[in-house]
Amino acid sequence: MESKSTEVIEEYNPWWVSKERINEVEVYRKYEESEVRWVPDVIEKVSLSPYSLNFIFGPRQVGKSTALILLIKRLLKEERVNPKSIFYFSCDKLADYKELDEIIGEYMKFKRANDISSSFIFLDEITYPREWYRALKSRIDRGDFRNDVLVVTGSLSMSAKREIETFPGRRGGGKNLLMLPLPFSKYAELFNVDIRKGDLGFVLSNYARNSHFLRELNDLLEKYLVTGGFPNAIRDYVKYGKVSEGTISDFVSSVVSEVNKLRRSETFLKLTIKGIIERASSDFSYHTLSKSFGVGTVKTAISYVELLQKLYLLEVLNQVDLQGNVLTRKEKKFYFVDPFIYRAFAAWTLTGLPDESKLVESVVVSHLSRVYDTFYTKERGEVDAVIKSGGEMIGFEVKFGRVRAEKRVLGRMKRVYVLSKDEVGDNVIPVSIFLGMLDVPQTAELKVLV
């Protein structure tokens with residue numbers, strides 16, 4: 001007689017009966033029914049060579065579960081892969097590591113009974129069971145997974161609590177993969193805008209050739225400022241012309257849940273977020289957050305900003321001088337990493353949404369920060385974003401009013417570009433063309449401690 005656990009794991013793995021039955025999985029069915037869909041780039045980055053322990057983490061709603069199911073779908077197409085060697089389980093109903101260990105144990109028994117020597121094990125939402133890492137570590141140390149590939153997804157608390165770092169020497173060929181919201185260049189692809197993409201050097205050399213894309217990309221950028229790169233928000237907008245309250249509240253609830261898991265104050269988090277939104281694109285100090293917005297002491301304000309950074313929701317820019325020296329003691333600028341996050345947090349904190357130019361500035365900064373060391377400067381006039389690349393400093397100013405092309409050289413910064421709404425010139429680039437051409441990955445590979 002089959003145990004309850006056996007019945008449960010069989011329900012999660014319908015492809016054991018027939019490969020085609022993956023189409024019945026709820027996550028895959030929703031993906032197929034969506035008006036817009038894409039294959040997340042994380043699928044190409046996962047290590048599939050035994051033994052590997054891969055961690056995929058990122059904000060709620062960026063598409064981690066969909067990525068797992070699409071990877072399984074791809075594996076099922078390979079003749080050499082036995083469908084019964086692919087095990088998927090969503091851990092969101094499990095209480096603790098003991099229940100997780102029991103589920104894994106059931107699959108190990110199934111694996112032996114079916115004479116499977118090497119398998120692909122996908123554990124989704126692994127941060128739900130308490131002390132989940134104990135189940136994995138004990139089995140890794142016993143050699144249970146020595147011929148297997150593990151792909152584990154989790155919430156941002158996995159990174160903030162440094163749980164990933166508790167696996168030194170147990171990772172094999174595995175990777176740490178941070179999945180972020182879809183960048184604008186990939187967003188434009190969803191709507192069939194076929195503009196060539198490349199690195200910053202490519203963009204700065206070729207932007208003038210793409211002015212015929214301007215109207216289309218401007219329209220898409222307006223939509224991107226509403227949905228950001230979050231799949232559910234994008235699908236809502238395409239279907240209903242707006243982002244549903246459910247999508248917004250689900251995102252906020254997930255962040256609050258993470259903060260509660262970390263035993264931090266929801267009130268201080270809310271006040272920190274409110275302060276950042278109200279001072280959007282302005283530079284200010286931790287003292288301002290503490291005193292003007294009531295975020296406890298300066299030390300408390302720093303800790304809540306750092307928490308938002310550890311949750312990969314916030315980018316903090318330091319000032320540099322014109323020789324490239326980082327001025328860590330000066331005031332900083334704070335940007336949420338996606339415009340949908342501003343929208344969701346503004347609704348939660350009852351704070352007015354920043355205006356269009358400030359939201360666009362945040363998108364520019366967050367996109368550049370994914371690829372380059374990014375700063376800002378206030379020497380001889382403010383420059384919103386300054387990147388360091390190959391020993392060179394390049395500046396970018398976001399200006400949505402009338403602009404005039406003027407060559408500015410500031411110290412070591414020999415090039416300063418103006419990112420305009422719709423004007424093109426020698427050093428003036430429409431921001432939608434700039435973002436549409438800049439090839440920014442959705443998934444970043446982070447260093448693995450071995």
The residue from Glu397, Glu379 that alone is in a loop (DSSP other than H, G, I, E, B) and either in contact with a helix residue (DSSP H, G or I) (Cβ under 7 Å, 6 or more places away or on another chain) or closer than 27 Å to Ile276 by Cα (or both) is Glu379
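Yes or no, residue by residue, for (1) free of Cβ contacts under 8 Å to residues at least 24 places away in the same chain; (2) of a type in the set (Gly, Ala, Ser):
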| position | (1), (2) |
| --- | --- |
| Lys223 | yes, no |
| Val226 | no, no |
| Pro231 | no, no |
| Gly246 | yes, yes |
| Asp250 | no, no |
| Asn260 | yes, no |
| Ile273 | no, no |
| Ile277 | no, no |
In this structure, does Pro40 turn out to be in contact with an Asp or Glu (Cβ under 6 Å, 6 or more places away or on another chain) and not charged (D, E, K, R)? no
Could you look through the range 15-67, keep only residues that are within 29 Å of Tyr224 (Cα to Cα) and of a type in the set (S, T, N, Q), and pick out the one that is modelled with the lowest pLDDT? Gln61
Please list, ordered by first then second residue, the pairs with beta carbon atoms under 6 Å, 6 or more apart or interchain, first in the range 394-407 and at pLDDT 85 or above, second outside any loop (DSSP other than H, G, I, E, B) and among the aromatic types (Phe, Trp, Tyr). Phe396/Tyr417
Selection from the range 226-236 of residues that are buried (at least 20 other Cβ atoms within 10 Å of the Cβ) and not polar (S, T, N, Q): Gly228, Gly229, Phe230, Pro231, Ala233, Ile234, Arg235, Asp236
Output for the range 332-356, where each listed residue is surrounded by fewer than 16 Cβ atoms within 10 Å (Cβ to Cβ) and either under 26 Å from Leu156 (Cβ atoms) or of a type in the set (D, E, K, R) (or both): Leu350, Asp355, Glu356
If Arg162 meets every condition in (1) buried (at least 22 other Cβ atoms within 10 Å of the Cβ); (2) not in a helix (DSSP H, G or I) apart from one, which number is that one? (1)
Scan the range 193-209 and give yes if some residue there is assigned to a loop (DSSP other than H, G, I, E, B) and under 28 Å from Leu314 (Cβ atoms), otherwise no. yes
Looking only at the range 404-412, decide whether some residue is farther than 18 Å from Gly198 by Cα, touching a strand residue (DSSP E or B) at 6+ places or on another chain (Cβ under 6 Å) and not in a loop (DSSP other than H, G, I, E, B). no
What number of residues within the range 1-14 satisfy the criterion of being at pLDDT 95 or above and part of a loop (DSSP other than H, G, I, E, B)? 1
Residues of the range 272-299 classified as under 23 Å from the mean Cα position of the chain (by Cα) and either part of a helix (DSSP H, G or I) or not assigned by TED's automatic domain parsing to the domain that holds Tyr342 (or both), total: 6
Given the criteria within 20 Å of Gly425 (Cα to Cα), at pLDDT 95 or above, buried (at least 17 other Cβ atoms within 10 Å of the Cβ) and in the same structural domain as Arg329 (by TED's automatic domain parsing), does Phe375 qualify? no
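The values are calculated or read from the model by the stated rules, or taken from the named source; none is laboratory data. If you're wondering where the values come from, they're calculated on a predicted model, not measured in any experiment. Cβ: placed from backbone, ideal geometry, glycine included. Neighbour counts: every protein chain shown.
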